[in-house]
Amino acid sequence: MKRDFPLIVAGLFAGICAQAEEVRLEWQPDQISSRLGYYYPVRLELGATKPDGVTKLPDGLKAPLYGTLKFGPQESPTKATVVLDEPADGPARLWIDRNANGDLTDDPPVKWDARKEGETMVTWGGSAAVETAYGAEKRALGLSMYRFNKDDPKRAGLRNTLLYYRTCGFSGNVSLGGKSYAAVLTDDAATGDFRGTDAATGPRVNLLLDLNGDGRFDSKAERFDVRKPFNVAGTTYEITGLTASGGTFTIAKSDKTVAELPKAPVLGDRPFAFQQKNTLGEPVRFPEDYKGKLVLLDFWATWCGPCVKELPNVTKVYEEFHPKGFEILGVSLDSASGLAKLAQFTKDKGMPWPQVCDTKGWPSPLVEGYSVHGIPAAFLVDGKSGAIVAMGSDLRGEQLRTTVERCLAKLGAAAPAKISSSVPPPSTPPEATAPEPVAPDAVVAKATELLKQGKLLAADTFAAQKQNPQPAPVALAPAGTAPLPGREIARRAAAGYVRAGWFYQCTTCGRWHVNLAGGYAVANDTVVTAHHVMQPPQSMKPGVGHPILVRGESEVLPVTAVVADDAASDAIVLRAAVEDLSPLPLGGDVQVGDSVWCLSDPRGERGYFSTGIVNRFVERTVGDPRGRRINLSTDWAPGSSGAAVLDVAGNVIGHVATIRALFGKAPTHSPEAKPGDPATGTAAMAMNLHEAIPAKSVLAIIPK
């Protein structure tokens, strides 16, 4: 559902009454979208007429379409011509006049990749940076672009449309009320003018603050329009002094008063409390009525397809665990007309638990209180400890049963720690490389000791080796041929499993964390994992981190060298500082329908072993073997990346890469959804595709 966000005309705010504090944020030319977890697609309409000012075009154009991007100050924007050539007898190509000089032959090429959708449809995507002028200063603005198949009848309205969104912005820290918050300043409309616009609707310039310190930015509870007053911790502030180039501005207390937004839920926090009558007219006090119980607060609606699809799983878990103290309270986002049907709907679907429904839909105070962006959305609350103990994907699909069973067994226990282990800040200066943590967990403690001994590879050295690997022969184990029982496959998977990731100092809290995912040994001193696993964490202080491997529960192994690395294949080969790993053989003989197994740590749940089959082989980048992927039905989640997938003979046939969501019409969580309309709201997820990197891609980069 699209939502309108009114803007206030920029200018000097008469209501500012306190001394302003200057804020200086650092420019980040890329990766802002992935850090924020959302974006707004902007439409660029293309046509056959060449724009004025174009002096030179690439050779060999057959069916060019043209458009003009405008970035920077509204009164003097930089204009960059876009040329898209989609000949019937060849691949599509894209050019952008990145330096805005009218010559499209002197700019770096745009990598315009084709992606298959099903058996016939192809979409295209790429990225570029446009050099934008702010007076005498020039800055590269990062963009991502994509285009749907022009012949797709479902998207006829986008036949001549290129979609793009910003990947750039400012980041740093903002101090308010004596407390420092991680901050991002983003131009969601991708105009390049950080003063925003006076448009009544649509995306705008926003300041995002990590108020709850969870390392993420909630786009509802932690996002503030730079043109409006905003409330943090009970104090109202206003922003002034923003220029088109952004980055430097002032924040001061205001004599105006606006309400504080409800905080985004965090694991371990107490839930947003409310009182409301249920659909039978009975009073509900949440969470007070559920003391001593484990209760699932479930946001849904009868018109929500994914919600209805999830119901058989939810009712099954309820039937199994309700006698043991598990409860559900439904929060329906149905309108008044839907409320009349709700009682019969829940009866027909076997949903005996109570429902609350204020008929307000998305503007409901409960939606705001729990910062719900899309449905289904659920929060699991421990009625003994009073804490939120699970949310998100841990409460979807088959994972729901596992989570409920685990949390019932630990009912009343202390609130869970965050996934990243942490210790208090070091007493040494921020520039120091050796931390002095207090009472760390085992992995952090051992990594700290290795760092003091000078045994950990520095982040800068590691980055340099990724660019220029140190190839050396790898003694691979021979592939097996004899089928193995499941328990033996599980034993071998566990023996060869090595976690990989980073030990680093956090920019937000100054503490030292570990951020780990999966990996697997392929020789007695060599480990393979996904390339993206070994990218520095977004919250890592620049240069203050170290790649590490972890065997078992807490044995930290230094990384000594990068043997091979390929971002396109999403694979990296690392040399470990030991020679007694238990290698798994690499094998490539796998077909659709073959059984496979995977052991990983989804969401920090250690040692989760699952089985499935090979669903299909796909090419994410047409014509490039490095873009080949395998879709599998084994289970994994964030934290599983890099873990090995094994065949019946115990050979690694690939490793975990991504979870790729398939969405329905956007947005589909509302009756107002318009087919084919690129939306800023949340789309309905139809299913997940689990993608793995084939072992053949790993074999291709390992030195012979």
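The values are calculated or read from the model by the stated rules, or taken from the named source; none is laboratory data. Just so it is clear, the model here is predicted, and its values are computed rather than measured. FYI the Cβ positions are ideal-geometry reconstructions off the backbone, even for glycines, and counts take in every protein chain you see. Please note that ligands, DNA and RNA were not included when accessible areas were found on the heavy atoms of the full protein model with its side chains. Shrake-Rupley method; radii C 1.70, N 1.55, O 1.52, S 1.80 Å.
Overview of values
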| read-out | value |
| --- | --- |
| Full-stretch length increase - Thr481, Ala336 - with 0.36 nm per residue and alpha-carbon distance subtracted | 46.0 nm |
| Accessible area in square angstrom per residue, the range 275-399, 1.4 angstrom probe | 43 |
| Per residue accessible area in Å² of the range 37-161, where ligands, DNA and RNA are left out and the probe is 1.4 Å | 52 |
| Taking the convex hull of Cα positions in the chain, its mean projected area over all directions (nm²) | 33.0 |
| The range 557-617: relative contact order as a whole-number percent, Cα under 8 Å and 6+ apart | 23 |
| Per residue value of the accessible surface for the range 519-591 (all protein chains in place, 1.4 Å probe), Å² | 31 |
| Accessible surface of the chain, 1.4 Å probe, proportion on carbon and sulfur as whole % | 53 |
| Too-long pairs where the Cα-Cα distance tops 32 Å, listed order kept, from Lys79/Lys466; Lys154/Lys309; Lys228/Lys341; Lys70/Lys179 | Lys79/Lys466; Lys228/Lys341; Lys70/Lys179 |
| 17 Å Cα-Cα reach of Lys704 towards aspartates and glutamates, excluding residues that sit fewer than 8 places from it in its own chain | Asp525, Asp565, Asp566 |
| FRET efficiency for Asp289 and Thr250, using Cβ-Cβ distance with R0 set to 45 Å, rounded to 0.05 | 0.45 |
| Those trypsin sites (Lys or Arg not before Pro) in the range 542-622 that DSSP places in a loop and that have at most 16 other beta carbons within 10 Å | Arg606 |
| Segments 561-568, 371-378 sorted - mean Cβ within 10 Å per residue, highest first | 371-378, 561-568 |
| Span from the the range 131-155 Cα centroid across to the the range 521-579 one, whole angstrom | 34 |
| The chain, relative contact order in percent, only Cα pairs under 8 angstrom and at least six apart counted | 11 |
| Counted charge near Leu342, where neighbours are those whose Cβ lies closer than 13 Å (Asp, Glu -1; Lys, Arg +1) | 0 |
| Extension gain (nm, one decimal) between Asp152 and Asp59, 0.36 nm per residue minus Cα-Cα | 30.6 nm |
| Distance between modelled label sites at Ala472 and Phe617, nm, 7 Å Cα→Cβ extension | 3.4 |
| Antiparallel DSSP beta bridges within the chain, percent to nearest 5 | 95 |
| Helix-only [θ]222 nm of the chain, DSSP H runs n ≥ 4, -39500 (n - 2.57) each, per residue, nearest 500 | -3500 deg cm²/dmol |
| Alpha-carbon centroid distance for the pair the range 595-659 / the range 185-241, whole angstrom | 38 |
| Residues Lys138 and Ala48, FRET efficiency given R0 of 25 Å [Cβ-Cβ distance, rounded to 0.05] | 0.20 |
| Local electrostatic count at Glu319 - Lys and Arg +1, Asp and Glu -1, tallied over other residues with Cβ under 14 Å | +1 |
| GluC sites (Glu not before Pro) lying in DSSP loop within the range 560-634, provided at most 12 other Cβ fall within 10 Å | Glu579 |
| About the Cα centre, charge dipole magnitude for the chain (Lys/Arg +1, Asp/Glu -1 at Cβ), debye | 680 |
| Mean projected area in nm² (Cα convex hull; one quarter of hull surface) for the range 499-633 | 9.4 |
| Arg270-Thr235 FRET efficiency (beta carbon distance; Förster radius 22 Å; 0.05 resolution) | 0.50 |
